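What follows is a single structure, written as structure tokens, with notes after it.
The values are calculated or read from the model by the stated rules, or taken from the named source; none is laboratory data. Quick caveat: nothing in here was measured; it's all calculated off a predicted structure. Heads up, the Cβs are rebuilt from the backbone with ideal geometry, glycines too, and the neighbour counts pull from every protein chain shown. Accessible surface is based on the protein model in full, side chains and every heavy atom, while ligands, DNA and RNA are left aside. Shrake-Rupley method; radii C 1.70, N 1.55, O 1.52, S 1.80 Å.
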Amino acid sequence: MDVANLNRTRWKKKTPHRSPFLSICLLALLFFLLFFLAYKNIPKSLRTISTTTLTVPFPQCGVRALGERFLWYAPHSGFSNQVSEFKNAVLMAAILNRTLIVPPILDHHAVALGSCPKFRVLGPNEIRVSVWDHAIDLIRSRRYVSMADIIDLSSVVSTSAIRTMDFRVFVSLWCGMSINFACFNESDSKSSLFDSLKQCGSLPSGLDGNVDKCIYALQEDCRTTVWTYQQNNEDGVLDSFQPDDQLRKKKKISYVRRRRDVFKTLGPGSEAEFATVLAFGSLFTAPYKGSELYIDIHETPRDQRVQSLIENIEYLPFVPEIMSAGKEYAFETIKAPFLCAQLRLLDGQFKNHWKATFLELKQKVELLRKKGLLPIHMFVMTDLPRGNWTGSYLGDLARDLNSFKLYVMREEDDLVTQTAKKLMAAGHGMKFGSFPKSLDRVSKMENHCSSQMLADILLYLEETVCSCASLGFVGTAGSTIAESIELMRKFATCSSHGQTAS
């Protein structure tokens, strides 16, 4: 036997027995201390949000208790496309008797759909997630501008054709948060609370599938469906536009496009009828090869309510503040009959077609020259910076001071800045639609959002000025901006002096 080892063992100090209860107490104390420090660092304006964390699997479905059934969709691309989709959303909400969630105006091409004719588009779930996340980013960066802040919805809402709710109000209900969440600032953007706003969008985006009587997220898009309404014997039939054999083989496409009645598919008696939220993806459509890309509802003779709405939303004007400012520029700054030239030169398909873009303008200018209308006053709206006009037809016009007087509106112009401030003060986006009594009133939220950035309204003012051009309008072929201006001119918006900002 090893005596030395035995002695060491006998005289080795024994480790005292530590009580499990003491260990638990120490861990609890440490957890409480960490929680207290984290809570102290959360801004006071957001602590109300942290106390509303929901623990049941789909707490958002409790919104149904308000008695509202909502329609949400995912707008995308440029402003003109977003307005077009909004009109389609108004139509769908009216047909399906749902409250339309009015979206923000997204940054230009922040979300892109793809190509319907090529059957290459973002899926409905993907585009819904992208739009939800971008909308939350707009709130975080204080750049949120509602579609209702820019487009005058009074004619639609006043007729009770549809019910609306601002996206921010919907988010506060759906995510169980105070309306003050819309007053995030940059320092709050890194918090887990901000992340939870994005996570809250997974259900209406369709990432969790459909939930009975709560969410019905459509998976149909322009690759599979053309929505119709009250077109006899068409529900379920093949659409005239289908992918051709070459596209099927090259891209291995198996899609089949069918015409489906939206009321029969998503209205009373359908699986979607009792869902609190009916979520579309894109609602963009356009005529294509004798059909429509996604929505083919142009007249409804058997439903006069919807027919009247179709006629009413063909043209939705800008809000009075924008209309008044555009007219003021036309009549007080230009002060003469003028020509408007909308020249899109740098973006997408247009950057390689300068010659064709300038050709029509040259022809119009020569016609005015022959009439002896010199100098020709011309309002120019273009994405080409003035410093880069040298060497182009615009540069030639700018140098000929005897024959032309050119006008260009800039973001830093006082009229633009003052109009943006008036828009912020007006707060049209929160004036229309449902606002449950359980939420704080809008005025309370506005008091906390004093650092909201001014809206970028230059495009809307330029379009309004162009609608007043009495010597004519020359637009870029294929530009949706040009189409919007032509629509304004068709409805003679500039000749109406009854619309003034309060």
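With a 1.4 Å probe and every protein chain left in place, work out the accessible area per residue of the range 262-397 in Å², rounded to a whole number.
Spelled out: the 1.4 Å probe surface of the range 262-397, per residue, equals 48 Å².
Which pairs, out of K431/K490; K213/K252; K327/K355; K289/K364; K87/K490, put more than 25 Å between their alpha-carbon atoms?
K431/K490; K213/K252; K327/K355; K289/K364
Using amide H atoms built in the peptide plane, which far-off residues or other-chain residues are under 5 Å from H377 H to H?
Answer set, sorted by chain and number: L339, K405.
Give me Rg over Rh for the range 117-163, both radii from the alpha carbons and Rh done the Kirkwood way, two decimal places.
Rg/Rh for the range 117-163 comes to 1.14.
Excluding ligands, DNA and RNA, what is the solvent-accessible area per residue of the range 112-258 at a probe of 1.4 Å, expressed in Å²? All intermediate terms of the calculation are to be shown ahead of the outcome.
Numbers: 6030 Å² over 147 residues.
Per-residue accessible area for the range 112-258 comes out at 41 Å².
Using a 1.4 Å probe on the protein heavy atoms, what percent of the accessible area of the range 80-152 belongs to carbon and sulfur?
Roughly 49 percent of what the probe reaches on the range 80-152 is carbon or sulfur.
Based on the Cβ-Cβ distance of A336 and H298, what FRET efficiency does E = 1/(1 + (r/R0)^6) give at R0 = 51 Å, to the nearest 0.05? Each step should come with its number before you reach the end.
Values: r = 40 Å, r/R0 = 0.78.
It comes out at approximately 0.80.
Carbon and sulfur: what percent of the range 244-292's accessible surface (1.4 Å probe)? Please list the in-between numbers first.
Details: 1420 of 2780 Å².
Here carbon and sulfur together make up 51 percent of the probe-accessible area.
Using a 1.4 Å probe over the heavy atoms of the protein chains, calculate the carbon and sulfur portion of the accessible area of the range 449-494 as a whole percent.
For the range 449-494, the apolar C and S fraction of the accessible surface comes to 56 percent.
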